[in-house]
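Down below is the structure, laid out as structure tokens.
The values are calculated or read from the model by the stated rules, or taken from the named source; none is laboratory data. Just so you know, these numbers come straight off a predicted model, no measurement behind them. Glycine also receives a Cβ, built like all others from the backbone with ideal geometry; neighbour counts cover every protein chain displayed.
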Protein chains: 2
Amino acid sequence: MRQSKLFGKTLKQAPKDEVSINAILLTRAGFIDKLSAGIYTYLPLGLRVLNKIKNIVREEMNAIGGQEILMPALQPKELWEKTGRWTKPGKEVMFQLEDRSGKEYGLGWTHEEIITPLVKKIVSSYKDLPLYLYQIQDKFRDEPRAKSGLLRGLEFSMKDLYSFHTDEKDLEEYYQKALKAYQKVFKRCSLELLVTEASGGSFSKYSHEFQVLTPSGEDIIFYCQKCFYAQNKEIAKFKADDKCPKCKSGKMAEGKSIEVGNIFQLKTKYSSPFDLFYTDQNGKQKPVIMGCYGIGPSRVMGSVVEVHHDQQGIIWPKIIAPYQIHLLMLGSENELGKKAKTVYNKLLAQGLEILFDDRLDISAGQKFADSDLIGIPYRLVISNKTKDKVEVKRRNEKEVKLMEIKELFKKLTSEQSDK
Amino acid sequence: MRQSKLFGKTLKQAPKDEVSINAILLTRAGFIDKLSAGIYTYLPLGLRVLNKIKNIVREEMNAIGGQEILMPALQPKELWEKTGRWTKPGKEVMFQLEDRSGKEYGLGWTHEEIITPLVKKIVSSYKDLPLYLYQIQDKFRDEPRAKSGLLRGLEFSMKDLYSFHTDEKDLEEYYQKALKAYQKVFKRCSLELLVTEASGGSFSKYSHEFQVLTPSGEDIIFYCQKCFYAQNKEIAKFKADDKCPKCKSGKMAEGKSIEVGNIFQLKTKYSSPFDLFYTDQNGKQKPVIMGCYGIGPSRVMGSVVEVHHDQQGIIWPKIIAPYQIHLLMLGSENELGKKAKTVYNKLLAQGLEILFDDRLDISAGQKFADSDLIGIPYRLVISNKTKDKVEVKRRNEKEVKLMEIKELFKKLTSEQSDK
């Protein structure tokens, strides 16, 4: 992509109405634009990152047998009344509205009330189970304090997986599988996280949250500094500096954190109100056992920025960076332009993703500052200073290398094939 | 995909509450499930088709310089008041709601009110123009008569492209380019359409609708049977059987049709209320000239089914079929199962998309009926009858060929590379 054509503008100053690091940096670097509190537009750079995160999530959900579907956001009141959630939490969480005929709907903030009756239409026998369904869809929540950029939105992207089982043992096995799949997703996105025990509601001892330690987090967790066992403060029966109840030797620390995912054993919580039964091998009717598993791709994007940045801007992990290479042309002479374009086209032909700063009326200093702010992993600089060579620098390293163009292609191509 | 695991069920009978062909066939074949009037869930088969259509649209929009972004569905009232559309058409079209603090929002049914102020933040000079931005996003409309399946939904998928220009000549040129890109999209989806003149509002003589002739259409158009010039009945100054005003020799016919896309020269209709100006080469402030261009991928999906089906079910065009090959295993003997699995795995390894009907407790008759209903282009049958050969049949042809497995692979692989 030629940066001279790219829709989006870098800003020197933080937007006045943002306090969170992710919103400030993503806005300044031209990834997102705020429409209203907790509501953002994804500009071309931002959408590329969001889609890469969604695809990682998709790959890992497919790998554990997930089948992708797409459910509606607009959901009839009757279904939510079946579980009592139309009134509690009701408007505390859900936007509610009506159509011209007076029929009432809520905007989906989760989909148990939709997927359970859907599965009831199709599943009837033990032969239809287990079943794993997920979607990647935009959800809505009437958030009272939407001040954290992509970490807490009124409209946000969500992957929600639901699993359906004949018994609790099968659920437990899949739950552990999903837990590992989640760890893979976050590892691939370069998020170090703590699998944290949290309230299991009335049906399970615990649910598990995937928490990323960061000063901007809105959750508080306790975690063992030795074995990394963790619990959400909301349910913890110990305090900071206590001995770890798990490994019995480490000390528990308290930390702020962001919840980027959670998994929950629903068991019969939703199959009961919707009469979701199956017939077992002996012809007996039994309730279907359910689990649910959420990851917010937009929240992951915000969290990555909270964790991976410096004074100059964002430092994207390679796998979700909007582009792999930021090619900067310094100066505007004809010869130089030709050389830069040749390098750009050669890199493109190799299948590499390149943002090419071909802007003519921008100073070298500004180009470097923009490049640091945007945070693409590799920066290549072409200027008259370097003749037939290219300056190569990684975003997270200080060292600048001078490389022959030919040598550079070789290196990038081999890295690309390792990916 | 193994059909024994696939989420979705074929139905022998039409669902009681559906009257349109697309809703009946897509529901019976397990592509969609109705949640409420005009609101559907896409099951795995349906989502595959929808995503393929979205990708075709994406490719053609990228080819004419479109940059993809993603705007929110939840839109503050203030922006819609600027253009007067909060009250007119207001609730006639738009779902309106408020958050816990009483702040009012509408659910987006189009995005001029969002994109125009967004572009104003970034565009200031003639150097920033022209600019082409699009999104593929779910929209909402309070439809009074949502009885046509995917043709008219309360929640539906939409690609909306907006173009921004320095002058009307540049808009006109891009408008023609977009018209051609639209024709490519529909051609690739095997939809024959009539580019139909429709009302241009107060700013343009005409807009253009892309209309597909079909008895289930809700629009009425006149079209020349010779040169295919067409006009929407709403603006036509002639009647059926009149001579074509364009070619002067053909006769105009009247027909029902579905509007699957439209393009519109907005000119300054939205740049005016939002003060979207640019500075020209002489330092003079001028209004930005706009165009907008819509295609509904879910409506395209419904239209394809309306046009391409027979008594037995859907006949998917290859490029948007959920799978390229439907592999049917008839019978359940061990040897046969082994053979079928070998063929399945070999085809998968070739990168082909296969639905493998490996169900054991289903009769051959039922498998053929399901296969006709689902409508995948190629059907391969493996049974004991055929020994080392495979029965091959195209969905839209009667002829059944017996082919050596080896010969078949060769053929499919060469077709795949032609794609």
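Odds and ends about this structure:
- Residues in the range B:137-148 that are touching a strand residue (DSSP E or B) at 6+ places or on another chain (Cβ under 7 Å) and either surrounded by fewer than 19 Cβ atoms within 10 Å (Cβ to Cβ) or at the interface with chain A (Cβ under 10 Å from one of its Cβ atoms) (or both): 3 in all.
- Residues satisfying the stated conditions in the range B:24-39, i.e. touching a residue at least 24 places away in the same chain (Cβ under 8 Å), under 18 Å from the mean Cα position of the chain (by Cα) and in a strand (DSSP E or B): B:I32, B:I39
- Unique residue being at pLDDT 95 or above and either more than 28 Å from B:L133 (Cα to Cα) or facing chain A (nearest Cβ under 9 Å) (or both) when the list is B:K5, B:K16: B:K5
- Residue in the range A:118-127 that is in contact (Cβ under 8 Å) with a residue 40 or more places away in the chain, out of contact with any Lys or Arg (no Cβ under 6 Å at 6 or more places or on another chain) and assigned to a strand (DSSP E or B) present: yes
- Verdict on B:L50 being under 20 Å from B:P144 (Cα atoms) and either among the aliphatic types (A, V, I, L, M) or assigned to a strand (DSSP E or B) (or both): no
- Residue match in the range A:191-204 (condition: closer than 30 Å to A:D17 by Cβ and either at pLDDT 95 or above or part of a helix (DSSP H, G or I) (or both)): yes
- Filtered residues of the range B:109-136 (kept if out of contact with any Ser or Thr (no Cβ under 7 Å at 6 or more places or on another chain), over 15 Å from B:P72 (Cα atoms) and either more than 10 Å from chain A (Cβ to nearest Cβ) or among the basic types (K, R) (or both)): B:K120, B:K121, B:K127
- Within the range B:282-371, strands (runs of 3 or more DSSP E) holding 1 or more residues that are closer than 26 Å to A:D128 by Cβ and out of contact with any Pro (no Cβ under 8 Å at 6 or more places or on another chain): B:325-329, B:354-357
- Subset of the range B:52-94 [buried (at least 18 other Cβ atoms within 10 Å of the Cβ), over 16 Å from B:L107 (Cβ atoms) and hydrophobic (A, V, I, L, M, F, W, C)]: B:I53, B:I56, B:V57, B:M61, B:I64, B:I69
- The residues in the range B:47-61 that are in contact (Cβ under 8 Å) with a residue 60 or more places away in the chain, more than 8 Å from every other protein chain (Cβ to nearest Cβ) and over 20 Å from B:G217 (Cβ atoms) can be counted, and the count is 9.
- Meets criteria (assigned by TED's automatic domain parsing to the domain that holds A:A29 and over 27 Å from the mean Cα position of the chain (by Cα)) for A:Y270: no
- Restricting the range B:149-183 to residues that are within 11 Å of chain A (Cβ to nearest Cβ) and assigned to a loop (DSSP other than H, G, I, E, B), the residue that is nearest to B:F95 (Cα to Cα) is B:L154.
- Test result for B:K91, outside any strand (DSSP E or B) and closer than 13 Å to B:I136 by Cβ: no
- Extreme residue, nearest to A:I32 (Cα to Cα), among residues of the range B:79-88 that are more than 9 Å from chain A (Cβ to nearest Cβ) and in a helix (DSSP H, G or I): B:W80
- Positions within the range A:210-265 being of a type in the set (S, T, Y) and in contact with a helix residue (DSSP H, G or I) (Cβ under 9 Å, 6 or more places away or on another chain), in sequence order: A:T214, A:S216
- Selected residue (criterion: nearest to B:D99 (Cα to Cα)) from residues of the range A:22-46 that are crowded, with 20+ Cβ neighbours inside 10 Å and more than 11 Å from chain B (Cβ to nearest Cβ): A:A23
- Here the range B:372-419 is the region considered, the condition is being in a loop (DSSP other than H, G, I, E, B) and charged (D, E, K, R), and the residue that is modelled with the lowest pLDDT is B:K419.
- Of the residues screened, B:Q96 is one that is without any contact (Cβ under 8 Å) to a residue 24 or more places away in the chain, facing another protein chain (nearest Cβ under 8 Å) and of a type in the set (S, T, N, Q).
- Of all residues in the range B:234-268, exactly one satisfies the criterion of being among the charged types (D, E, K, R) and buried (at least 22 other Cβ atoms within 10 Å of the Cβ), namely B:E259.
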